[in-house]
Amino acid sequence: MGNDGPANGRGVSAGDRLNEEEWLSILACPVCDERPKLEKRGDLLICTLRGHGFMIVDGIPQMLPENALPPEKVKELTHES
């Protein structure tokens, strides 16, 4: 009875949730074989290697490869030239 945290081998408790910086450090692009890191810009996660992006909807990254936005669309959404 008691603690449901990682110490008892049952997983991560609500108090042990990752902050944004921590989860960004473990996410990688699901499209690129090299698995580069992603960076967050607004409601997008952007591949640091090839520039394609993934929308964040209601706080949940849409990271299935078929959801990848092409770099041109990412530039349009982030107002980059």
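The values are calculated or read from the model by the stated rules, or taken from the named source; none is laboratory data. Nothing here was measured: the structure is a model prediction, and the numbers come from that model. For neighbour counting, all protein chains shown are included, and Cβ atoms are generated from backbone atoms with ideal geometry for every residue, glycine included. SASA here: full protein model, heavy atoms, side chains in, ligands and nucleic acids out. Shrake-Rupley method; radii C 1.70, N 1.55, O 1.52, S 1.80 Å.
A few notes on this one:
- If the condition is being loosely packed, with under 14 Cβ neighbours inside 10 Å and either in a loop (DSSP other than H, G, I, E, B) or on the phi > 0 side of the Ramachandran plot (or both), then the stretch 20-42 contributes D33, E34, R35, G42.
- If you go through the stretch 56-81 and keep only what is open to solvent by 70 Å² or more (accessible area, probe 1.4 Å) and small (G, A, S), you end up with just S81.
- Near pairs, Cβ below 9 angstrom, 6+ apart or cross-chain, from the stretch 1-30 (of a type in the set (S, T, N, Q)) to any residue that is modelled with pLDDT under 80 and open to solvent by less than 70 Å² (accessible area, probe 1.4 Å): N3/S13; N8/G2; S13/G5
- Residue ID - most open to solvent (accessible area, probe 1.4 Å), chosen from residues in the stretch 1-19 that are modelled with pLDDT under 55 and among the polar types (S, T, N, Q): N3
- Yes/no for L49 being at pLDDT 95 or above, open to solvent by 60 Å² or more (accessible area, probe 1.4 Å) and in contact with an Asp or Glu (Cβ under 8 Å, 6 or more places away or on another chain): yes
- The set of residues in the stretch 52-81 being under 14 Å from the mean Cα position of the chain (by Cα), part of a loop (DSSP other than H, G, I, E, B) and within 11 Å of V31 (Cβ to Cβ) consists of H52, M63, L64, A68.
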